[in-house]
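The values are calculated or read from the model by the stated rules, or taken from the named source; none is laboratory data. Owing to the predicted nature of the structure, the values given are computational and were not obtained by experimental measurement. Here Cβ is always computed from backbone atoms with ideal geometry, including for glycine, and neighbour counts include all displayed protein chains. Ligands, DNA and RNA are stripped out before the accessible areas are found, and what is left, the full protein with its side chains, is counted by its heavy atoms. Shrake-Rupley method; radii C 1.70, N 1.55, O 1.52, S 1.80 Å.
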Amino acid sequence: MRDKMIHLTSGEIATLWTGYMNDSMSKCVLKFMLQHIEDPDIKPVVQNAYDISSSHLDSLLTIFEQDNYVQPNGFVEQDVNLDASWLYTDLFCLSYINHIAKVGMVSYSGSVAMSDREDIRNYFTNALNESIELFNRSTEIALAKGVNARHPYIEVPIETNYVDSKKYMSGLNPLTQKRPLNAIEISHLYMNIETNTIGLKLCLSFAQTSPTKEVQDFMLRAKKVSQKHIKVFTDTLLENDIDVPEVPDLAISDSTTKTFSDKLIMFHMSLLMSAGIGNYATAAAASQRSDLMVDYERLSLEVSKLAKSGADIMIENNWLEQPPGTKDREKLARNKEK
């Protein structure tokens, strides 16, 4: 009881707000998917993801009430048209669940680390465990159906080696031969191909179904950026004689019926771009070939510029909900003087 009287820290306020925004958005998307899924193996895992988001929102509302924390607006039933036509294949829905589970694992582990109060740590620890279970469950279904996008195979190491030359870190000189990619570099290249493929399909579905030209143009621009990045990563693998595994059927229908609100799809893309920038930063730090580091930094800047233009659209249309923050003390003082 005493622990609950401890004031929330800035880290806890931030993670709780972020969690509410993300889960309220996910609940809308997953509820729509459940309207059309027919595969008896895939529907339960989508239902599980929906139930998790609903449970999270209930828990967050309880915390908000206990701590006099104003409930964020987030996303509500009006942000999704449940009567809209079928939009995503069942396999796309499965891949989407697998992807958001990965994002959840990264996000919730960070939230645990940013929390001090026991009840908040317990909430995010439970959310992390649910994301891990959701990832494992969706992966098992994909494996059973033979549609899991496996990372490329390479030889299993039979001996250990040490880097014997500084050339190991090079890669920018076009006149010298680049060393073969190592396993860490290959894994990040493939993961970023996979995530960009999902993002590309979502961009298309959002462009098709949004009634707003400004949003349509932004989504088509984002789609082209994803295509470019996929090509960069794919070419790098092929240059090293590494086959690029086929990703599962991530098809979308030709529906043009408004399905989600523009506010929701712009927020969704903002979330994906933030996750993408984080993936690129991790990949750049993990890669030891200098040309790969430069590629990730260059592409990350491109995504950042795209995200900025998306934020501008959201601000202009009053779609961007402001995170909690501190007051401008100087402004308060000046207003008091007046």
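So that you can scan it fast, the table gives a plain yes or no per residue for (1) out of contact with any Asp or Glu (no Cβ under 7 Å at 6 or more places or on another chain); (2) open to solvent by 10 Å² or more (accessible area, probe 1.4 Å); (3) at pLDDT 95 or above:
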{"residue": "A207", "(1), (2), (3)": "yes, yes, yes"}
{"residue": "L220", "(1), (2), (3)": "yes, yes, yes"}
{"residue": "K223", "(1), (2), (3)": "yes, yes, yes"}
{"residue": "M266", "(1), (2), (3)": "yes, no, yes"}
{"residue": "A275", "(1), (2), (3)": "yes, yes, no"}
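Filtered by the rule that a residue be surrounded by 10 or more Cβ atoms within 10 Å (Cβ to Cβ) and not small (G, A, S), segment 154-176 gives I154, V163, K167, Y168, M169, L172, N173, T176.
Applying a threshold of 8 Å to beta carbon distances and a minimum spacing of six or more residues, or different chains, the list of pairs starting in segment 146-175 at a residue that is assigned to a loop (DSSP other than H, G, I, E, B) and ending at one that is among the small types (G, A, S) reads N148/A142; A149/S95; A149/A142; H151/S187; I154/A183; S170/S290; G171/S290; L172/S290. Report yes if some residue within segment 143-152 is charged (D, E, K, R), closer than 19 Å to V244 by Cα and at pLDDT 90 or above; otherwise report no. No, segment 143-152 contains no residue that is charged (D, E, K, R), closer than 19 Å to V244 by Cα and at pLDDT 90 or above.
Inside segment 7-118, counting only helices (runs of 4 or more DSSP H) that do not spill past its ends, which hold 3 or more residues that are touching an Asp or Glu at 6+ places or on another chain (Cβ under 9 Å) and of a type in the set (G, A, S)? Full working, then the answer.
Working: elements: 10-36, 43-66, 90-113.
Fully inside segment 7-118 and qualifying: 43-66, 90-113.
Taking into account only those residues within segment 288-322 that are acidic (D, E) and in a helix (DSSP H, G or I), which is surrounded by the fewest Cβ atoms within 10 Å (Cβ to Cβ)? Full working, then the answer.
Looking only at segment 288-322, we keep the residues that are acidic (D, E), and these are 291, 295, 297, 302, 312, 316, 321.
Now narrow it down to the ones that are in a helix (DSSP H, G or I): 291, 295, 297, 302, 312, 316.
On the way: D291: 15, D295: 21, E297: 13, E302: 14, D312: 12, E316: 10.
Here the residue is E316.
What's the total number of residues in segment 111-130 that are in contact (Cβ under 8 Å) with a residue 60 or more places away in the chain and within 18 Å of the chain's Cα centre (by Cα)? First the steps, then the outcome.
Here is the first cut: in segment 111-130, the residues in contact (Cβ under 8 Å) with a residue 60 or more places away in the chain are 111, 114-120, 123-124, 127, 130.
Still in the running and within 18 Å of the chain's Cα centre (by Cα): 111, 124, 127, 130.
Going through segment 111-130 one residue at a time, the tally reaches 4.
Per the listing L60, L134, L94, L82, the residue uniquely hydrophobic (A, V, I, L, M, F, W, C), buried (at least 20 other Cβ atoms within 10 Å of the Cβ) and over 23 Å from A149 (Cα atoms) is L60. Pick out the one residue from V29, V45, V76 that is surrounded by fewer than 17 Cβ atoms within 10 Å (Cβ to Cβ), hydrophobic (A, V, I, L, M, F, W, C) and at pLDDT 95 or above. Every option except V76 fails the conditions.
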